[in-house]
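The values are calculated or read from the model by the stated rules, or taken from the named source; none is laboratory data. This one's a predicted model, so the numbers in the text were calculated from it and none came from an experiment. Neighbour counts are summed over all protein chains in view; Cβ atoms, including those assigned to glycine, are modelled from backbone coordinates with ideal geometry.
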Amino acid sequence: MGIVFYENERIFKLDTPHSTYMFELVDKEGFMLHMYYGRRLSDYRTADLTRTDFGKAVPSNNERERCSFNDCMPFEYATHGLGDYRDDSFKVLNPEGYTATSLEYRSHIIYSGKPAIKGMPATFGKDDECTTLEIIADDPYNGLEVTLIYTVFEDVDAITRSVRVKNTGKYANIKLTKVLSTCVDFEDGDYDTIFLHGSWARERTIDRNRLGYGKHYVSSKRGESSHQEHPFIALLDKNTTEDAGEVWGFNFVYSGNFIAQAEKSQFKTVRVMMGINPEDFCWNLHTGEEFVAPEVVMVYSHEGIGAMSRTFHDLYRKHLIRSKYRNVRRPILINNWEATYFDFTTEKLIAIAKEASELGIEMLVMDDGWFGKRNFDDSSLGDWIVNENKLPGGLKYLVDEVNKLGMKFGIWMEPEMISPDSDLYRAHPDWAIHIPGRRGVQSRAQFVLDMSRPEVVDYTYNQVRSILKSANIEYLKWDMNRQITDLGSSMLDAGSQGELFHRYVLGVYELQERLVTEFPDLLLENCSGGGARFDPGILYYGPQIWTSDDADAVERLKIQQGTALIYPMSTMGAHVSDCPNHQVGRTTPFETRGYVALAGTFGYELDVTRIPKEDREMIPAQIAMYHKFNDIVREGDYYRIASFLENGLWDCWEVVTKDKTEAVLTIVEVLHQPNYKSRRIRLKGLDPEKTYRVATFDIKTADDSTENVLELKGDALMFAGINAPDGFWGDFKSKLIHIKEI
Ligand code: DGJ
């Protein structure tokens, strides 16, 4: 059992294989005080962890200084306005205009398994895989029941938290203005934080900083998790490295506005919080109604950042992604976006498909521009009717022709959007999110459909459904190319506009839930102008996400490193794209582009009929490489060895099978240095006792090279290391090394 309540001491102890989380109930008032989150403890008995210099962790004998008590105690869920001046997790606006909240423990239940969260994504596990604790607490003044929900997994060092709030009827309606999903108070210490920052084409760049006093946060108020900031925060000891030291990672299973914050207090304690961004959030809770805050995943590692990443990867592969494609090789696709942009016809697509199929590519994906009168990005979103001028014979004809070549067919849609220049907008202008009488702010010449309206969700779903039913479409790229402005829904009354952001996300989740339920065989790849909706929430619906619109092999080293900090490689959409690269103008070797794309789902994004002959001729070997190594990349343990982001010169990562019998190592020498000694690379994650064969993969033969093969014990490979092979003359060169037990 991963969760135990020690009744006499009134302590809750939550254990994962290598971590312990503890809190206690104190005083007749039912304070819930956080005690410990860290390396696994064998016993619940510890020193008096919540005591301070002021005395015992109970304020009742010292009413005079109650405020001091509230302002320094490690609260399990921080309330508002009663003396804890650190940031809070829970705030309301009651009908009398008061905002303060307080919580008193009332009861709890512990049970096997994990409940789903209705209408929202969440990790899952069978009864023998996880245990759940629900702490039921009251805010009597506001007539609210607040349930803190914790689940611990037996097989992964992860704990999830969410919060459910119920209006028990003191007020007919009470406005929730802040309901964060987790709050953890840490003991004083010198911590660093890691956030992931970015922009379009530069998503999820790792940003590590010393945590100073005050509040440090990232957030989104864009209506999606965003390119710019990411629903993730790691707190780590200042000495923690990739392979050693303590780190606590928090990731939000949600695809909308969020806040992730660390606050260092006057006493050097640190409060980490995560949840729906309270800005522009105001939820009406009527008598008897419940509001459930999305889930936060918390991962602890005392073996460095790499172990934290591997835990997230395992959790998401096993307990979050539901798709039938989760554990199988995905079809190698070729997408026509960078090949043609809007300028294509059936004839052109079939020419690409024909060439691609002969090279071994398995699926053609038709991107933006096939519907309405969309020859540029300024019209027709919402009019999901095939443009027969471009595609004579319609979708069915095209798909059948592609199928005849032995290829699957996939399609692009952007279901949440509406162009002002569309029949849909002309018929239903009020379906766009807008403020009546105010000129709407366009982005990419489009507005966002109001997914808080059930009829809009229904209409949109039927549009997607009828396209998918119209031909043998086996893959959908679901795009979302702008963020939300003009916050206004014509369905919501004046007192409910603060619900729009969250209702929008719930509408999107409903759409995708209906989609994956009706089309369980569909391979769904989410996308948002590249990687603006790369979050665990959306992974619940589709097993892969387009990582970034920047597929330059060098830029991708940084983007994929940042993404793999949390997400398994099996989730990262990665393609070999055209050169000079369309985002940075850089020309990298085709071979390197292939090795970098191998670290994700692998596919192509170029006009295969027009690329240089020698590149085209390499494609069959790259496809063989994918089939040889994808099982390892998709299912294995990921180890970071060198980071171009940090050293500015080279990058190196390794993936090892769970049974440690096989591994693949990728080395990219981004900038070649003159006159340097060969690099010594210490492998990771192998079995020191096993003997391995180490060979360089030869792209010319699509097989391991027979030259310079090593046969060495795992300990020699990990502790003494190997020399990087020769052949790095010039920039952007790369090598793939295959390590296999003999
Ligand atoms: C943004 C996506 O990230 C691209 O791959 C492409 O699908 C375009 N949208 C199409 O408009």
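Listed values, structure above:
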| quantity | calculated |
| --- | --- |
| Flag for Tyr316 being part of a strand (DSSP E or B), of a type in the set (Ser, Thr, Tyr), closer than 30 Å to Leu235 by Cα and more than 16 Å from the ligand (Cβ to nearest atom) | no |
| Matching strands (runs of 3 or more DSSP E) fully within segment 647-706 where at least 2 residues are within 19 Å of Asn630 (Cβ to Cβ) and aliphatic (A, V, I, L, M) | 650-656, 662-669 |
| Test: Leu391 is surrounded by 15 or more Cβ atoms within 10 Å (Cβ to Cβ), part of a helix (DSSP H, G or I) and more than 16 Å from the ligand (Cβ to nearest atom) | no |
| Meets criteria (away from the ligand (no atom under 15 Å from the Cβ), within 32 Å of the chain's Cα centre (by Cα), touching a residue at least 12 places away in the same chain (Cβ under 8 Å) and on the phi > 0 side of the Ramachandran plot) for Gly360 | yes |
| Matching residues, segment 93-121, being aliphatic (A, V, I, L, M), under 25 Å from Asn173 (Cα atoms) and out of contact with any Phe, Trp or Tyr (no Cβ under 8 Å at 6 or more places or on another chain) | Leu93, Ile117 |
| Candidates Ala663, Ala621, filtered to the one that is touching a residue at least 60 places away in the same chain (Cβ under 8 Å), out of contact with any Asp or Glu (no Cβ under 8 Å at 6 or more places or on another chain) and closer than 30 Å to Thr691 by Cβ | Ala621 |
| Test: Leu515 is crowded, with 21+ Cβ neighbours inside 10 Å and more than 16 Å from the ligand (Cβ to nearest atom) | yes |
| Residue list for segment 545-580, filter: under 20 Å from Arg482 (Cα atoms) and among the polar types (S, T, N, Q) | Thr547, Ser548 |
| Selection count, segment 429-448, where residues are within 16 Å of the ligand (Cβ to nearest atom) and of a type outside the set (Lys, Arg) | 6 |
| Among the candidates Pro688, Pro725, residue that is within 26 Å of Asp155 (Cα to Cα), surrounded by fewer than 20 Cβ atoms within 10 Å (Cβ to Cβ), out of contact with any Phe, Trp or Tyr (no Cβ under 7 Å at 6 or more places or on another chain) and not aliphatic (A, V, I, L, M) | Pro688 |
| Residue in segment 679-693 that is within 23 Å of Ala244 (Cβ to Cβ), among the aromatic types (Phe, Trp, Tyr) and either under 33 Å from the mean Cα position of the chain (by Cα) or modelled with pLDDT of 95 or more (or both) present | no |
| Considering residues of segment 273-304 that are hydrophobic (A, V, I, L, M, F, W, C) and within 19 Å of the chain's Cα centre (by Cα) only, the residue nearest to Arg51 (Cα to Cα) | Met273 |
| Residues of segment 208-243 classified as assigned to a loop (DSSP other than H, G, I, E, B) and within 16 Å of the chain's Cα centre (by Cα), total | 8 |
| Residue match in segment 366-376 (condition: more than 16 Å from the ligand (Cβ to nearest atom) and either outside any strand (DSSP E or B) or at positive phi (or both)) | no |
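For (1) within 20 Å of Phe371 (Cβ to Cβ); (2) in contact with a Leu (Cβ under 9 Å, 6 or more places away or on another chain); (3) more than 16 Å from the ligand (Cβ to nearest atom), each residue gets a yes or a no:
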position	(1), (2), (3)
Ile467	yes, yes, no
Tyr475	yes, yes, no
Asp479	yes, no, no
Gln483	no, no, no
Leu492	no, yes, yes
Gly495	no, no, yes
Leu500	no, yes, yes
Tyr509	no, no, yes
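Yes or no, residue by residue, for (1) at pLDDT below 95; (2) away from the ligand (no atom under 11 Å from the Cβ); (3) within 18 Å of Leu364 (Cα to Cα); (4) surrounded by fewer than 24 Cβ atoms within 10 Å (Cβ to Cβ):
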| site | (1), (2), (3), (4) |
| --- | --- |
| Asn526 | no, no, yes, no |
| Gly537 | no, yes, no, no |
| Gly542 | no, yes, no, no |
| Thr547 | no, no, no, no |
| Glu555 | no, yes, no, yes |
| Thr571 | no, yes, no, no |
| Tyr604 | no, yes, yes, no |
| Thr609 | no, yes, yes, yes |
